[in-house]
Amino acid sequence: MTDYAPGMRAVIRDEEWLIKKIETNSLGHQVLQCVGITPLVRNRDTIFLTDLEQIQIVDPASIQLIADSSPFFKRSLFLRRRDQGTKGRGSGSIDRFAGDQQKERFQLLVR
């Protein structure tokens with residue numbers, strides 16, 4: 001049996017989750033209360049039963065950091081702003097950005 005701890009990250013059902021709380025059910029199996037991290041499940045609370053799910057713990061040592069070589073760290077700032085404004089319900093800044101591009105294309109076609 002794997003030892004889980006609050007704060008661990010796990011991949012469950014092909015999405016990444018942050019473990020918030022661990023309890024034991026009446027059958028002696030562990031119940032994980034988690035919050036979603038990846039875009040599809042971000043900020044969604046859910047419960048997983050360890051005896052029913054295939055759970056892969058994310059090893060922090062295996063994570064590879066990638067340097068942002070864009071001028072003035074523009075790529076990192078764009079991703080950070082996108083993540084801050086969404087609150088788990090899609091990507092608002094990308095939608096606005098795509099809308100701006102669509103508007104510009106439309107104006108070019110009209111001219």
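Nothing in this text is a laboratory measurement; each read-out follows from the coordinates by a stated rule. Computed from a prediction, not measured in an experiment: that's the story for all the values here. We place every Cβ from the backbone using ideal geometry, glycine too, and count neighbours over all the protein chains shown.
General remarks:
- Protection proxy ranking, highest mean first, for peptides 39-52, 7-20: 7-20, 39-52, where packing is the per-residue count of other beta-carbon atoms within 10 Å, averaged.
- The length gained on full extension between R75 and A61, counted as 0.36 nm times the residue separation minus their Cα-Cα distance, comes to 2.6 nm.
- Additional length obtainable on full extension of the chain from S26 to T38, 0.36 nm per residue less Cα span: 1.3 nm
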